[in-house]
Ligand SMILES: O=C(O)CCC(=O)C(=O)O
């Protein structure tokens, strides 16, 4: 997350209790897959960038996740709550330094609940939603994420995705396979995307970043940050 090392940082995260703006518009890209452009204000994005910068430094630092068949992902990832590596979640970063990952903060649980209320336009949509992990991905200009399903969780609770920095092409396919037909959606800084309901296990990926499209006031000098909150369904 080198792009996050410049720009202003703030210490606290009080912005997330009452301050999320009502969504300007929303589009249901597929049943249960909702895009809410401009959901986060610039100050909220700055707070998230500052929090992600702290997590990127440790206790389990950001890294290019190694793939089981060799090589590594072009995206860099740091996790909170639970540590993800392909096919499993653990409390410790066993493929990094063995340390226990940072706790998943309560303010982020509240943010996730509010995201569901706004995405699904239903006051009770966030009831009982308690995400316990977030994968925080940093994309430089060349990074991509191939088509995949989020299915290492033992839960079908929605995935809440927040984007900050450079915009990207987000590709949403079906739950059946990684091939066409798919929809390409431009995700910009501040956008919310929720994958839930029939789209919870849809294949998706990020084939392209648009470098230089972020807003410097986010505190991210370059690149793209994406935070996906999830419910692991694990205990312990
Ligand atoms: O970067 C994104 O918008 C998607 C991230 C994603 O698909 C994942 O973390 O599984």
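The sole residue among 131, 181 that is free of Cβ contacts under 8 Å to residues at least 40 places away in the same chain and either touching a helix residue (DSSP H, G or I) at 6+ places or on another chain (Cβ under 6 Å) or surrounded by fewer than 15 Cβ atoms within 10 Å (Cβ to Cβ) (or both) is 181.
Of the strands (runs of 3 or more DSSP E) lying entirely inside the stretch 20-74, those containing at least 2 residues that are within 27 Å of residue 121 (Cβ to Cβ) and touching a residue at least 24 places away in the same chain (Cβ under 8 Å) are 27-30, 33-36. Here residue 147 clears all of (1) more than 17 Å from residue 35 (Cβ to Cβ); (2) surrounded by fewer than 21 Cβ atoms within 10 Å (Cβ to Cβ); (3) more than 12 Å from the ligand (Cβ to nearest atom) except the condition numbered (3).
Every read-out reported here was derived from the displayed coordinates using simple, explicitly stated rules and does not represent laboratory data. What you are looking at is a predicted structure, and each value in this text was computed from that prediction instead of being measured. Every residue, glycine as well, gets a Cβ built from its backbone with ideal geometry; the counts of neighbours run over all protein chains shown.
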